[in-house]
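*Asks:* For reference, the structure I am asking about is given below.
What follows is calculated from the coordinates using simple rules that are stated; it is not laboratory data. Because the structure is predicted, anything quoted here is derived from the model rather than measured. Here the Cβ positions follow ideal geometry from the backbone for every residue, glycine too, while neighbour counts run over all protein chains shown.
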Amino acid sequence: MTINTNKPNTLFWIIGAVAFIWNSMGIDSYLNQVYKSERFKTMYTQEQLEIIFNLPSWVTAAFAIAVFSSVIASLLFLMRKKLAKMFFLIGLIAIIVQTSYNVFLNPGRELYGSMEYSMLIIIPLFAVFLYWFTKKCADDGILN
């Protein structure tokens with residue numbers, strides 16, 4: 001067994017912590033959506049809720065895969081495991097599937113506000129960044 005002598009810098013730990021918090025918030029959003037919590041319902045109009053609660057099951061599955069694989073990836077990243085890269089990639093693919101539906105197929109896209117549009121940009125970009133940074137850390141020998 002070889003011991004990894006490459007030490008992560010402060011930026012590594014900050015990005016890891018932010019990734020974990022961000023993706024944990026994604027799980028919170030997912031659970032509130034699928035369990036139709038009151039907190040979730042207060043954020044949308046009745047018309048928007050009708051569309052959200054009638055999404056195709058494969059879109060909801062992509063949402064679940066994205067958030068749960070990304071939280072697992074974040075934990076693996078903080079434990080400095082190369083396996084984090086694979087889980088971030090799975091999450092990224094699921095995000096691309098879900099975002100593609102929301103941009104091109106969702107019948108309620110005309111109801112999107114500025115928050116929804118900004119999240120359609122921020123979420124995939126952050127997922128790409130996390131995958132890239134994790135790959136870089138793996139290539140640099142920080143992850144083992």
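*Asks:* Stokes-Einstein D for the chain at 20 °C, 1.002 mPa s, Kirkwood Rh over Cα pairs, in µm²/s? The partial results should precede the final answer.
*Replies:* Details: Rh = 16.2 Å.
The Stokes-Einstein estimate is 133 µm²/s.
*Asks:* Another one. Normalised by the residues of the chain, what does the relative contact order come to in percent, with Cα pairs under 8 Å and at least six apart?
*Replies:* Normalised by residue count, the contact order of the chain is 28 percent.
*Asks:* So, one more: Using the Cα centre of the range 10-139 as the reference point, and only Cβ charges (+1 on K/R, -1 on D/E), how large is the resulting charge dipole? Debye, rounded to the nearest 20.
*Replies:* 640 debye
*Asks:* So, in the chain, how many Lys pairs have Cα atoms under 30 Å apart, if the pair is 8 or more places apart or on different chains?
*Replies:* So the count of such lysine pairs works out to 11.
*Asks:* Determine the distance separating the Cα centre of the range 106-125 from the Cα centre of the range 1-74; give it in Å without decimals.
*Replies:* 16 Å
*Asks:* What distance in nm separates the simple spin-label points at LYS41 and THR10, each placed 7 Å from Cα in the Cβ direction?
*Replies:* Taking the two extended label points, one gets 4.7 nm.
*Asks:* Would you please give the FRET efficiency between TRP132 and LEU49, computed as 1/(1 + (r/R0)^6) with r the Cβ-Cβ distance and R0 = 30 Å, to the nearest 0.05?
*Replies:* Here the calculated transfer efficiency is 0.25.
*Asks:* Quick check on the exposure proxy: order TYR35, TYR44 from fewest to most C-beta atoms within 10 angstrom. If you can, show how the numbers build up before the last one.
*Replies:* Working: TYR35 8, TYR44 18.
Starting with the residue having the fewest Cβ neighbours, the order is TYR35, TYR44.
*Asks:* Would you mind calculating the gained length between LEU120 and ILE96 on full extension (0.36 nm times residue separation, minus the Cα-Cα distance), in nm to one decimal?
*Replies:* Contour length minus Cα-Cα distance gives 7.7 nm.
*Asks:* Any idea which of ILE14, SER114, ALA94 is furthest toward the positive side of the dipole for the chain, if Lys and Arg beta-carbons carry +1 and Asp and Glu beta-carbons -1?
*Replies:* Projecting each Cα onto the dipole axis, the largest value belongs to ILE14.
*Asks:* Here is a further query. Can you work out the FRET efficiency for the pair ARG109 and MET86, with r the C-beta to C-beta distance and R0 = 35 Å, to the nearest 0.05?
*Replies:* 0.65
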